[in-house]
Amino acid sequence: MEINLSQCFIAVDDHDKALAFYRDALGLEVRGDVGFEGMRWVTLGAPAQPDVSIVLEPPVADPNASPDDRRAMAELLAKGLLRAVIFATDDCDATFEHLRAAGADVLQEPVDQPYGVRDCAFRDPAGNMVRFSQAGRR
């Protein structure tokens, strides 16, 4: 039996701002853009990983959600508490400089971690933590 990652979901409150980060700054390709009942899902992925996708979804993907539920999710999203994603990179420092120059919100500059990676972190336009990890560093 073989199991592979296919998709992961990231909640965003503004798909156009999220596209400026994930597509324009990171270079992910848009694979789909679907609207349904006033909501939108955008699927992106790295060209080198055609079988793995990230789906940018609304914070509450339920047209019947209550105003209280929508408000609670919006508050969690604004605090950066809903999602995090970690990308692998072959050059953490170059990735950091590229994203910083693109205006991304820096959370952590590149640092060698005691568990063997060099990584850095940003917030996407919705507040989600996005980390970039370079393996093989001690």
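Just a few scattered comments:
- Counting only Cβ charges, +1 for Lys and Arg and -1 for Asp and Glu, the dipole size of the range 20-138 around its Cα centre is about 180 debye.
- A simple spin-label model places pseudo-atoms 7 Å from Cα toward Cβ; at residue 135 and residue 81 they are separated by 3.4 nm.
- Taking every DSSP bridge with both residues inside the chain, close to 70 percent are antiparallel.
- Derived scalar couplings ³J(HN,Hα) [the range 116-126; Karplus, 6.51 cos²θ - 1.76 cosθ + 1.60; whole Hz; x for Gly, Pro]: x, 10, 10, 9, 9, 9, 9, 10, 6, x, 8
- Along the axis of the charge dipole computed for the chain (Cβ charges of +1 for Lys and Arg, -1 for Asp and Glu, origin at the Cα centre), the listed residues 111, 77, 96 are led at the positive end by 111.
- The trypsin sites (Lys or Arg not before Pro) of the range 1-85 meeting both criteria, a DSSP state outside H, G, I, E and B (loop) and at most 10 other C-beta atoms within 10 angstrom of the site's C-beta, are 79.
- Stretch gain in nm, segment residue 61-residue 91, where the contour uses 0.36 nm per residue and the Cα spacing is subtracted: 7.3 nm
- Debye intensity ratio in log₁₀ form over the Cα atoms of the chain, taken at each q of 0.12, 0.19, 0.21 Å⁻¹: -0.52, -1.16, -1.32
- Loop sites by DSSP among the GluC sites (Glu not before Pro) of the chain, restricted to those with at most 15 other Cβ atoms within 10 angstrom, leave 38-138 as the longest stretch without any of them.
- FRET efficiency, residue 68 to residue 100 (Cβ-Cβ, R0 41 Å, nearest 0.05): 0.60
- Stretched out straight at 0.36 nm per residue, the stretch from residue 107 to residue 3 would grow longer than its current Cα-Cα span by 34.2 nm.
- Per-residue [θ]222 nm for the chain (sum of -39500 (n - 2.57) over DSSP H runs n ≥ 4, rounded to 500): -5500 deg cm²/dmol
- Distance between the range 118-138 and the range 39-108 - C-alpha centres, whole angstrom: 12 Å
- Placing +1 on each Lys and Arg Cβ and -1 on each Asp and Glu Cβ, with no other charges, gives the range 4-50 a dipole about its Cα centre of roughly 160 debye.
- Sparse-neighbour loop sites [chymotrypsin sites (Phe, Trp or Tyr not before Pro); the range 40-138; at most 16 other C-beta within 10 Å; DSSP]: 115
Any read-out appearing in this document is the output of simple, stated calculations on the displayed coordinates, not a laboratory observation. Just so it is clear, the structure is predicted and the values come from calculations on it, not from any experiment. When we count neighbours, we look across all protein chains shown, and the Cβ atoms used for this are built from the backbone with ideal geometry, even at glycine.
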